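For reference, the structure discussed in these notes is given below.
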Amino acid sequence: MSEHDPGTIHEFARRVLGENVRVIEALSADDVARFVSRVDAARQRNAHVYLAGNGGSAATASHMTCDLMKAAGAKGQPAVKAMCLSDCVPAITAIANDENFSEIFSRQLAVHGVAGDVLIAVSGSGRSPNILQALKVARGLGLETLGLLGMGGGEALGLCDVAVVADSTDYEIIENAHMAVAHLMSARLRDHAESADAAISPGFLTAALHDSVDAPK
C-alpha cells in the first residue's frame, strides 16, 4: 500500500483529527472562562488588547485581532480595541535590524501600552525570547498578561496572569487548539455584548466543545 493510497490517508486523517479533538476537549474550561472574562473586562473599561506571536502563532494573533475588532462586537456595543504587534513589518524589521529580534514586541509595548491594558501572548512552546521579553515588559508597565500556550507552557506560563495551555507537543495541533479558543472567545464576547446577561462561566466552553466538535467515526 503506497503512502498515497486512500486507505492510508484515511487512517492518517482519523489519527490526526482524533488527536486534535482530544487536545481541544482537554482544554481547561476554567482557564478559558477566566481568559475570556479578562478580555471582556478590558473591552468594558475601554482598554487596549495587544497580541503577539511568531510564525503560525503570529498568524493566530493577527486572526484574533481581526475577530476581536470585528466579529466580537455587537450593534451599539464597543468592540475590543485590539492591536497585533506581529503585523507592523516596518517596525518589526527596524527593531530587529537596529537592536535585537528579542525586542520586536516589547519595544512596541513600551510605546503603546499603559497600565490596565492587556497583552495576549500566543506561543506554542512558551519559550520564544521575544514573547518572554514582551511579557516581562508588559508586567512592568502594569498590563494584564494572558497566554495561549502549549508544551506545558514553558517559561511564559509563570509570566501570565491567566493562561490556556494546549496539552500537546505538536505545533500544528497546538495552533488548532488556540484557534478553537479564539473563535469560542469571539462568539461568546459577541453574545455577551448583545445580551449583557450572566457572567461568563466555565460551562460555556464545555457546552460549545461538545456541540461543535465530534470525535471522528
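The values are calculated or read from the model by the stated rules, or taken from the named source; none is laboratory data. Note that the structure is predicted; figures quoted are calculated from it, not measured. FYI the Cβ positions are ideal-geometry reconstructions off the backbone, even for glycines, and counts take in every protein chain you see.
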Filter the stretch 144-187 down to residues that are at pLDDT below 95 and surrounded by 22 or more Cβ atoms within 10 Å (Cβ to Cβ), then give me how many there are.
-> 2
Output for Cβ contacts, cut-off 6 Å, separation at least six or different chains, first residue buried (at least 17 other Cβ atoms within 10 Å of the Cβ) in the stretch 54-83, second among the hydroxyl-bearing types (Ser, Thr, Tyr) and assigned to a strand (DSSP E or B), reads Ser57/Ser123; Met83/Tyr50
Enumerate the pairs (first residue in the stretch 129-154 and over 15 Å from Ser168 (Cα atoms) and among the basic types (Lys, Arg); second residue anywhere and in a strand (DSSP E or B) and at pLDDT 95 or above) with beta-carbon separation below 7 Å, excluding pairs fewer than 6 apart on the same chain, so at least 6 apart or on different chains.
-> Arg139/Thr145
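Name every residue in the stretch 37-71 that is of a type in the set (A, V, I, L, M, F, W, C), under 22 Å from Arg127 (Cβ atoms) and outside any helix (DSSP H, G or I), in order of residue number.
Selection gives Leu51, Ala52.
Quick check on Arg34: is it more than 15 Å from the chain's Cα centre (by Cα) and in a helix (DSSP H, G or I)?
Numbers: more than 15 Å from the chain's Cα centre (by Cα): no; in a helix (DSSP H, G or I): yes.
Spelling it out, it is not the case that Arg34 is more than 15 Å from the chain's Cα centre (by Cα) and in a helix (DSSP H, G or I).
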